[in-house]
Amino acid sequence: MSEHLPELSASARRVQEVLNRKGVRLDVVELPASTRTAEEAARAVGCDVGQIAKSLVFRMEQSDRPVLVIASGLNRVDERLIGEHVGEMVSMANADFVRAVTGFVIGGVPPVGHLSDLDTLIDQDLFNYGEIWAAAGTPNAVFRLNPEVLVEITGGFVMRIAA
């Protein structure tokens, strides 16, 4: 793994280093095609859209705290369900907030390696797949894993996120 680190961009390398520190054998790859959206990512890696674990940052409206929701690429997040779980209303965070709390740009936010500790919620529908793909720091970097490892590396809470 580490022999590939110099070939990665700085953001993707940061994600690879976090994965290495967590003791998991997962390899970040940067692709020539965009993986910014779930559809683009699925095309680029040759999988179903549902296998894309998209990382979305929400902002709690009263406390101004971030919440990371890792959703199946097929699902639209129900903000009401997230709000019920965290105890206050949430809304999708804007690009500046996402960058400030994660250190990554929208379209490349990985499930790990953020600047801030994020409460993490994981879509139960990702467990319909033996293998999933997550963003790795840039709009064209990804890594393959299974849903159980996603829970392990994020400490996320698995729940229904789509109505």
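Derivation of every value follows stated rules applied to the coordinates shown; laboratory data play no part. All values derive from a computational prediction rather than experimental measurement. Cβ coordinates were reconstructed from backbone atoms using ideal geometry, including for glycine residues, and neighbour counts include every protein chain displayed.
Within the range 121-143, the set of residues being touching a strand residue (DSSP E or B) at 6+ places or on another chain (Cβ under 8 Å) and more than 14 Å from Ser72 (Cα to Cα) comprises Ala136, Thr138, Asn140, Ala141, Val142, Phe143.
For the condition free of Cβ contacts under 8 Å to residues at least 24 places away in the same chain, part of a loop (DSSP other than H, G, I, E, B) and at positive phi, Asp64 qualifies. Across the range 84-95, the qualifying residues are those that are closer than 13 Å to Ser63 by Cβ and over 19 Å from the mean Cα position of the chain (by Cα), and the one among them that is surrounded by the most Cβ atoms within 10 Å (Cβ to Cβ) is Met89. No other residue among Ala134, Ala162 is part of a loop (DSSP other than H, G, I, E, B), hydrophobic (A, V, I, L, M, F, W, C) and under 20 Å from Asp48 (Cβ atoms) apart from Ala162. For the range 140-152, the tally of residues that are touching a residue at least 40 places away in the same chain (Cβ under 8 Å), assigned to a helix (DSSP H, G or I) and surrounded by fewer than 22 Cβ atoms within 10 Å (Cβ to Cβ) stands at 2.
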